[in-house]
Every structure is written in C-alpha cells, then in structure tokens.
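Participant: What follows is a single structure, and I will ask about it in a moment.
The values are calculated or read from the model by the stated rules, or taken from the named source; none is laboratory data. Please read all numbers here as calculations on a predicted model, not as lab measurements. Cβ sites come from the backbone with ideal geometry, for glycine too, and all protein chains shown count toward neighbours.
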C-alpha cells in the first residue's frame, strides 16, 4: 500500500479532523506551555539565546533590487540570496528564543523579522523567477507569485512562528497574524491549489528534492495558517499525491542520486512531512512501512567517511555543515526501530540545533524529549555498502571505524539530479579524509542549471577521477552510462565506454583489499588518466607519488606504466576553498600501453 492509499484509508472524516486539529495535534505547543519550553536543555538554550542576542546588536539585513537583478546582469546569485537567507535565519532564531523564554524583547525581535519578510516584494529567488524572465523583467510581480523554494521556506517560517508565538503576537502586535495569513494565502497556498504548472510537482516524470522540500512547507503553512477546513483538506490531499510521486521515484535500495548533502532536503524532507501527517492523525496514517523509507533512513551512515567527511556525488560537499537536524533522523529511526539509524543520529547528539536548517525542524527538535534523553553513540560505519540502482559502492578496511582506507566508486549515468559527468569516478580516503577526491558543488550562478552548465570545470569529467579516452571527455545525458556492472563486497567492475561519445571498450575494476585500493583499467584506443588530489604532494618520482592529506595522514600512489605530470590549480570558488583549501592538484598519466593499474596505500611515518 502506497502513501496515497494509506492516506485515503484514514477516511474522509479522519483526515478532516486531523487537518482541522493540526495546531493542537502537531506536538509543538505555543510559548504559554512553560512546562515544555521552560525546561529545555540548558546548553542548547544558551546557544540559541547567544545567537539571538548577537543578531539584535546588528542591523537587520536588507534585500535590494540591485542585488536581485544581478542574476540577469552577470549571473551572480549570492549577493541577493545571502541577505535573504540571513533574514530568514535571523527571524527563525528570534522565534525560537521567544518560545524558549517568553521574553517580550525576543517576541518583538521575531515580530520585526516576520513583518520584514511580509514586506518583501517577492519570496522567490531570482534564479527561479521564470515569470519575470518571460516578461523580460528583473522584478517579481506580487500579483503573479512564483512558488519556489524561497517562497515555500518563507511561508514555513511564518507558519511555525504563528503556531508557537500566536498568543504573544496577539498581545504585542495585534494584526500581524492576520497579515501573515494573507501573505501566505496569496503567495503560496492559492498558487499551489490553482496552478499545476510547477515543475517540482513531478507531473512530467522528473522528480528531485524540490518536491518534498516545497510540499512539506506548503503543508505546514496550510495546516497552521489556513482557516478554511475544506482548503486544508484539499491541500493535504494534493501534498500526499505529490509526495507519493516522489517516493515512487526513489530507488528501492534507499539511494539518493543527489548525494548526502541534498539528502537532507530530499528524503529527509519527505520523512518530516510524513511524520507531521502521522502525528496529526494520531498514528492512523502510519506510512513507515512504505518502500523504501526504511532504506532511505540508512543513507547517511552508508555515505559517512568519518570525522565529518562524506562520500559526495553530484552537487554535494564532501564536508557539509555538521549541524544537521539529527533529531529528525532519530525520529525516523524510532519509527523503524533501526539501531544503526539511531546510532548515526545519536553520534551527533552533542551538536546544537540550528534554526538555519528550518524553523519547523528546530522547534520539533527542541520539543522531542526522546531525542534529548538519548545517549551519544558511535558512528556505525558499515564495512561495505552497495546501492545497486545507483551503482555506488562504499567499502572500508574495518567496520565501525574510519581508520585506514576507504574506497567509494560510482557507475550510474550522466543525467542524474545535480549531475556531474562522473561515470566511473571514485574517491579514496585515509582515516576518513578524502585524498583522491570529487570536488563537489561550486557556488551556484546563472550557468549552474542552464544549457551552459558543463562549461564549469568542476562538473566536467576532465576534473573527476576518470580517463580522457581518445581525447574525449564524458558527455551529459542518460545515454552516457556505465554498463556491464558487477559488484562484489570489496570491488566494483564496470564498462565506461558508453559514458563517452565514441569509445570501443573501456573496463575499470576498483577494489579495496589487503590494505590497498587498486584501480585496474583496460581499453582499446588511447587513454589519459586523471586523478584529482586534495592535500600536499610531497615527493614525485617515476611511478609513484607521496601525498600528505588535509588532516596530516600520508598515502602512497603507485602506478605501473606511463609518463606522468602533476598539475596545480588555484581554487577560486569560496565554497570549494572552504572544503579543499586554496589549491588542488591533478595527476595526469599517459600510459604506454592499453592497460593501467594504480594502487593507493597508507604511508604512515
């Protein structure tokens, strides 16, 4: 039974009662419940109040038209998205501080931020504002709002703020709550109900993290801010329809082609929305046995390298922000009584709850007593994981520890979400730190999701750990894929020839055994081997290269044939520099025959 069938099985009366009573049943009380809010973890409360107090000492961020217009002028997104995101974060932090303390100063601070959000002409990010682009303009039209991630995230803040601060807002700023409702209805609820053109609905068959990300926020906005019970039920039914479509598009093995960083805004957003619906139905919805929800919850532990590093594919960072909403994964693990999932979440039990990940997530986390009662655990770190549908293998020397070598390699195809041309690319890590790397996500610009995407060096196969074959790079498109894929516990073999436009044969076998990662390739034609390196090359001689990793370990690369050169490239992108430093290197080897073997071993002093 799928999500939609389970939702319908609750019955019309049960669904209607659930959405009409959602504010009372959501499990997050308003700030008058001092028995809850006044007894939260002291260290977590202190961190939030310190953040809110620091915010109060600075002027509120401004969102300017000249910054918004830069997307069309020079392709820059961050000049507008940064202050817009800071306004949302700062407002969310003030809301949490007000709930925790019931202090009127924090209530006023939150109210100021909420009204500033209401006063924005548009909540849509410029990169998504296709309505303005169609008009050959650079300004969103309030009468034709575009429902994107920015609009949905802003509505989510207003909804959860109204839920927890309602009585205080009525007392301190009468009229603000009416304004919140009017803005959210006009900009989010009505466009969702009346317009089915939104690409993130997935009606064309292509689905991505936008689907649960937007649907989940629309759901919260409607449950907490819409007063019409019929409209609430209509939206809830549409949300389930959309989430069902998204869940059915995901691999049964629990993989996420957008990678770990986007997993938090894809499958984890799905689980959050389902958890809310299950809560307001008093458990009658019970979606947790739907395939592949249990497997999806295991994805973070399967991609963890350790020490804050993760296997990154597509537009994912190898070292994402550690302050994720781990309490949500813990709730998910409790639904399945999954010890590994619970341990993965509890390994981060000592991290703060950051409203930047979403106001609803922060409020749910603070009020989740089972999360606060859990003890810190060790990362589970499975010995070997193979995701058959994504064709991703991750294998480490020893289960349960990041010590030693880890190999990750992917097959797949070049039309994945947030795609990089990386069929057959691999990551080699020592003690959890990648040394042969996937660079990951660069700062997004107007090129990032345009037909010029592959002009960026980071997404091209030329800067992944795959060969240049007969002078050709890989091309984008689903037809460019791995074939003849064979997985074992310690190895993945695959044919890469179909990832290139005209290649007769190219076979790669990647393995980890006996303390060494081995990459063994055979082909017809000519090939130039490329390996992207993070860290410091220490000594380079024919057939070998010694490297110091970013965290001070040492690895030895050895290869059996061919002339080699070591290239140095400055990293001028702020996001990438924050992960890899200001310099990366590329080892380029031209074999003198139609086979090649590279070994990676630890070279501890």
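Participant: Output yes when any residue across the range 3-11 is in the same structural domain as residue 360 (by TED's automatic domain parsing), in contact (Cβ under 8 Å) with a residue 40 or more places away in the chain, within 27 Å of the chain's Cα centre (by Cα) and surrounded by fewer than 19 Cβ atoms within 10 Å (Cβ to Cβ), and no when none is.
Facilitator: The answer is yes, given that some residue of the range 3-11 is in the same structural domain as residue 360 (by TED's automatic domain parsing), in contact (Cβ under 8 Å) with a residue 40 or more places away in the chain, within 27 Å of the chain's Cα centre (by Cα) and surrounded by fewer than 19 Cβ atoms within 10 Å (Cβ to Cβ).
Participant: Across the range 305-331, what is the number of residues that are surrounded by fewer than 24 Cβ atoms within 10 Å (Cβ to Cβ) and under 21 Å from residue 399 (Cβ atoms)?
Facilitator: Total satisfying the criteria: 3.
Participant: Next question. Among 215, 206, which is the only one that is more than 30 Å from residue 396 (Cβ to Cβ), at pLDDT below 95 and either assigned by TED's automatic domain parsing to the domain that holds residue 182 or within 20 Å of the chain's Cα centre (by Cα) (or both)? Full working, then the answer.
Facilitator: Working: 215 fails: at pLDDT below 95.
Criteria check complete, one pass: 206.
Participant: Check off (1) over 25 Å from residue 364 (Cβ atoms); (2) free of Cβ contacts under 8 Å to residues at least 40 places away in the same chain for residue 46 and give me the number that stays unchecked.
Facilitator: Of the numbered conditions (1) over 25 Å from residue 364 (Cβ atoms); (2) free of Cβ contacts under 8 Å to residues at least 40 places away in the same chain, the odd one out for residue 46 is (1).
Participant: Scan the range 486-517 residue by residue and report those that are touching a helix residue (DSSP H, G or I) at 6+ places or on another chain (Cβ under 7 Å) and loosely packed, with under 15 Cβ neighbours inside 10 Å. It would help to see each step written out before you state the result.
Facilitator: First, the residues of the range 486-517 that are touching a helix residue (DSSP H, G or I) at 6+ places or on another chain (Cβ under 7 Å): 503-506.
Listed by number, the residues that qualify are 504, 505.
Participant: State whether the residues of the range 401-408 include one that is farther than 29 Å from residue 552 by Cα, modelled with pLDDT of 95 or more and buried (at least 22 other Cβ atoms within 10 Å of the Cβ). Explain how you work it out, then say what you get.
Facilitator: Step one: of the range 401-408, the residues farther than 29 Å from residue 552 by Cα are none.
No: zero hits.
Participant: Identify, by number, the condition in (1) within 22 Å of residue 586 (Cβ to Cβ); (2) in a loop (DSSP other than H, G, I, E, B) that residue 450 doesn't meet.
Facilitator: Evaluating residue 450 over (1) within 22 Å of residue 586 (Cβ to Cβ); (2) in a loop (DSSP other than H, G, I, E, B) leaves (1) as the failure.
Participant: If you take just the strands (runs of 3 or more DSSP E) that sit entirely in the range 488-605, which of them hold at least 3 residues that are more than 33 Å from the chain's Cα centre (by Cα) and on the phi < 0 side of the Ramachandran plot?
Facilitator: Working: elements: 491-495, 506-513, 516-523, 527-533, 536-541, 544-548, 554-559, 563-570, 583-590, 595-602.
Hits in the range 488-605: 536-541, 544-548, 563-570, 595-602.
Participant: Also, quick follow-up: In this structure, does residue 586 turn out to be farther than 26 Å from residue 440 by Cβ and crowded, with 16+ Cβ neighbours inside 10 Å?
Facilitator: Values: farther than 26 Å from residue 440 by Cβ: no; crowded, with 16+ Cβ neighbours inside 10 Å: yes.
Considered against the rule, which asks whether it is farther than 26 Å from residue 440 by Cβ and crowded, with 16+ Cβ neighbours inside 10 Å, residue 586 comes out as no.
Participant: Follow-up question, since we're still on this one. Going by the conditions given, is residue 354 buried (at least 18 other Cβ atoms within 10 Å of the Cβ) and within 14 Å of the chain's Cα centre (by Cα)?
Facilitator: No: the conditions fail for residue 354.
Participant: Here is a further query. Given the criteria free of Cβ contacts under 8 Å to residues at least 40 places away in the same chain and on the phi > 0 side of the Ramachandran plot, does residue 455 qualify?
Facilitator: Details: free of Cβ contacts under 8 Å to residues at least 40 places away in the same chain: yes; on the phi > 0 side of the Ramachandran plot: no.
So residue 455 fails the test.
Participant: Tell me which of these residue 375 doesn't satisfy, since it passes every other one: (1) touching a helix residue (DSSP H, G or I) at 6+ places or on another chain (Cβ under 6 Å); (2) part of a loop (DSSP other than H, G, I, E, B).
Facilitator: Of the numbered conditions (1) touching a helix residue (DSSP H, G or I) at 6+ places or on another chain (Cβ under 6 Å); (2) part of a loop (DSSP other than H, G, I, E, B), the odd one out for residue 375 is (1).
Participant: If you go through the range 453-471 one residue at a time, how many are buried (at least 16 other Cβ atoms within 10 Å of the Cβ) and over 29 Å from the mean Cα position of the chain (by Cα)?
Facilitator: 3
Participant: Residue under question is residue 553, and the condition is that it be closer than 25 Å to residue 432 by Cβ, assigned by TED's automatic domain parsing to the domain that holds residue 406, in contact (Cβ under 8 Å) with a residue 24 or more places away in the chain and out of contact with any strand residue (DSSP E or B) (no Cβ under 7 Å at 6 or more places or on another chain); does it hold? Outline the logic, then answer.
Facilitator: Details: closer than 25 Å to residue 432 by Cβ: yes; assigned by TED's automatic domain parsing to the domain that holds residue 406: yes; in contact (Cβ under 8 Å) with a residue 24 or more places away in the chain: yes; out of contact with any strand residue (DSSP E or B) (no Cβ under 7 Å at 6 or more places or on another chain): no.
No: the conditions fail for residue 553.
Participant: Name, by its number, the condition in (1) without any contact (Cβ under 8 Å) to a residue 40 or more places away in the chain; (2) in the same structural domain as residue 294 (by TED's automatic domain parsing) that does not hold for residue 230.
Facilitator: (2)
Participant: Out of curiosity, is residue 478 crowded, with 17+ Cβ neighbours inside 10 Å and in a strand (DSSP E or B)?
Facilitator: On the way: crowded, with 17+ Cβ neighbours inside 10 Å: no; in a strand (DSSP E or B): yes.
For residue 478, the condition - crowded, with 17+ Cβ neighbours inside 10 Å and in a strand (DSSP E or B) - is not met.
Participant: Right, residue 354: under 24 Å from residue 440 (Cα atoms) and touching a strand residue (DSSP E or B) at 6+ places or on another chain (Cβ under 6 Å) or not? If you could, list the steps in order and put the result at the bottom.
Facilitator: On the way: under 24 Å from residue 440 (Cα atoms): yes; touching a strand residue (DSSP E or B) at 6+ places or on another chain (Cβ under 6 Å): no.
In short, no.
Participant: Since residue 47 meets every condition but one in (1) modelled with pLDDT of 95 or more; (2) surrounded by fewer than 18 Cβ atoms within 10 Å (Cβ to Cβ); (3) in the same structural domain as residue 365 (by TED's automatic domain parsing), which condition does it not meet?
Facilitator: (3)
Participant: Restricting to the range 518-535, give me the number of residues that are surrounded by fewer than 17 Cβ atoms within 10 Å (Cβ to Cβ) and closer than 19 Å to residue 426 by Cα. Write out each step before concluding.
Facilitator: To start, the set of residues in the range 518-535 that are surrounded by fewer than 17 Cβ atoms within 10 Å (Cβ to Cβ) comprises 522, 524-526, 528.
Filter again for closer than 19 Å to residue 426 by Cα, leaving 522, 528.
Here the count works out to 2.
Participant: Also, quick follow-up: Within the range 273-304, track down each residue that is at pLDDT below 95 and surrounded by 24 or more Cβ atoms within 10 Å (Cβ to Cβ).
Facilitator: The answer is none; no residue qualifies.
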